[in-house]
1. Going by Cα centres, the stretch A:389-407 and the stretch B:13-65 are how many Å apart?
2. Ranked by Cβ crowding within 10 angstrom, fewest neighbours first, how are B:Ile163, A:Ile305, A:Ile297 ordered?
3. Compute from the Cα atoms of the stretch A:191-302 the Rg and the Dmax, the latter being the longest Cα-Cα distance, and quote both in angstrom.
4. Name all residues of the stretch A:146-183 having a backbone nitrogen under 18 Å from the label point set 7 Å from the Cα of A:Ala221 along its Cα→Cβ direction, giving them as ranges.
5. Tell me, what is the FRET efficiency for B:Ile217 and B:Tyr123 to the nearest 0.05, using R0 = 25 angstrom and their Cβ-Cβ distance as r?
6. Provide A:Asp279, B:Asp232 in ascending order of the number of other Cβ atoms located within 10 Å of each residue's Cβ, fewest first.
7. When a/c is below 1.5 the answer is rounded, else prolate if a/b is larger than b/c, else oblate, so apply that to the stretch A:257-355 with a ≥ b ≥ c taken from the square roots of the Cα gyration tensor eigenvalues.
8. When all alpha-carbon pairs of the stretch A:77-252 are counted, what percent fall beyond 19 Å?
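Throughout, read-outs are computed from the coordinates displayed, never taken from laboratory work. Values in this document were obtained by computation on a predicted structure and should not be read as measured data. Positions of Cβ are backbone-derived with ideal geometry, glycine not excepted, and every protein chain shown enters the neighbour counts.
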Amino acid sequence: MSKQYKQTEEYIDVDDEIQNTAQQTGYSWEEEYKRSWDVLQEDEDGSLKRTVENLQHRMKRKKLFRDTSTIRRGIIRHMFLIIDLSEAMMEKDLRPSRLELTLSYAEQFILEYFDQNPISQLGIIVTKGGIAEKLTDLTGNPMDNIRVLKNKKNTDTDGEPSLQNSLQMARSTLIHVPAHGSREMLIIMGSLTTCDPGDIYDTIDSLVSENIRVSVVGLAAEVQICKLMCKKTKGTYGVVLNEAHFKDLLFEIIPPPPVSAAQNKAELVIMGFPSSVTDSMPSLCACHSKPTTSGYICARCNSKICDLPTDCPVCELTLVSSPHLARSYHHLFPIDNFVEVPWNSAFATHCFSCQMPFPNPTSTSLGARVAPDTSGRYKCNKCNQYFCIDCDVFVHEVIHNCPGCLATTSSH
Amino acid sequence: MNALKDTATVNEDDANLLVLIIDTNPLIWTKSAKSLSLKEALRHLLVFINAHLALKHDNEVAVIASHIGVSKFLYPIPNPSRLSENTDQAVDSNLYQRFKVVNDQVISNMKDLFEDVSTLNSYPDKASSMIAGALSMALCYTNRIMRADEIGHIKPRILIISISPDSPYQYISIMNCIFSAQKLGIPIDVCKVHSEETVFLKQAAHLTGGRYLKLQIPQGFLQFLMITFLPDRFTRNYQCLPGEEKVDFSASCFCHKKMIDIGFLSSIRTVFNLQI
């Protein structure tokens, strides 16, 4: 996990940076032509190191900014992942191929989804040859989902996809989901065409009326029907620029979405917190009827279950362990963004949390021709402690705790 | 349990980073002074740290104090020049230089910490210490070291010497730390020296694949440290410890802070209401 995290962060692409900003203003071909190599400037030694460092800094920073206001988020989610398996997925414009990249990202997506949404469910639908096929029903187990994707038989490509069929299939399951959970679909679409049996606008209207959110990640180009569908159902629509951008688009879906106004009334769900037991003699478990020595005892009916989270097979009580639940807390209590500290107030000598020395203001700003834009110091406004860029990223993306606020008294 | 998978990647030649978090709540240490005082415990801990450094030449150590109202690095600190004035510079020919540096810094920084009584007096919750802050700092520090070491040669672990009871207000932040440690594959070991069991830290050890030890015989502190916590992550694969006890996974409700078995969960904000 840590390796992965490292890799994505080291990734740097100047073109990508320009395209990203252009995207907000309009079509990139209407823009004035930008020469990406102008961004790179050599310093006096003819080295690009400093510019690259600055760019890297900015990339890291850009990823960071996020909404820190406390909004209501639905932490019980129900999602269908719809994967296009049409012939268009065999294109090799994404390496190694659209299909292979999609499958490997889908696997990472599933793991991360369950990591961050521990009491949610996910199912997989594939579409090819004009039909849709359900690979897994909604389940709370990530391994079930990954296993079907690993099976080569399930991932053959054929013909054209059918958007309407897959929407209908996902809808037929999602409408039975209890109202306290969210209903979502995520479509990974490689094809520019779809083969539909009826009027897709009717399907979209029914999705809207049932509060189902549809998000689409397009691998080829923007498609009007997808854009319209996402807009109407309040989902997100993105077309990938390159491999890394594909991952970004996909992983944007992982944090729980804000709850829509229609379901904005809190409902209480009854849950049990079973305790784990280890016996010296094996006894039968209620879920598989196999003899086991360890397991969890349902808090209501005392039957033994092998794994959490699950529904008790006897009394149907939802069983979770408290660490599972605690995993989703950080979405509810986000920490504030740190602010960049300008050079003139950069007095701290080292990072508060990792003891890394900061760059010295006097030696770098005078000596070098390409002065660093940033002082490398970031401040938490609550506890007034200074952090380095790596800790800033780490604190906001991994720990979700401000070490300064927790380790000093100033915030209390 | 996730942490167990990663043991396959641990090698015999790996260097080890030990981040030691010492709970220095003076009020609780005074209570336990009869069986084991802080001074004595510190002496044991310094021997333990030296033993860790002596095991391999590239082993690293960091020491963080989790005090009332503040947590602070005791070693390494960014500008140790100030220190050398206070401590005598004389080189002891019978002592490995690195041991001396670590010991001196830890002792003198600890002294500074105890001399500063203003934060201690102003902080309301005197029963607990800032363990969540110390853990967050420890994780940031390990993250920095792991980032600097590109080939993945350094294997970090965290050891908490805990004496204060859990503070329910730190629950969420401690849980956040546990999950990030789990994600990074860092085991958290816990040694509980005094007072009753801590549920949070027990869960921490359980979830990250670390070890949990409740000290039964305080006089044998050093021996327990050496046997249980000195072995590195590679050696632990071959060591067999007494089986894990029952881990309490029940949740505490948000309204009364009581531990419950069955509760109600709001679908939007997690708030537990008391059992029917």
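1. What the calculation gives is 25 Å, centre to centre.
2. A:Ile297, A:Ile305, B:Ile163
3. Final numbers for Rg and Dmax: 22.6, 63 Å.
4. Within reach of a label on A:Ala221: A:161.
5. 0.15
6. A:Asp279, B:Asp232
7. Oblate, since a/c reaches 1.5 and b/c is not below a/b.
8. Considering the stretch A:77-252, 52 percent of its Cα-Cα pairs are separated by more than 19 Å.
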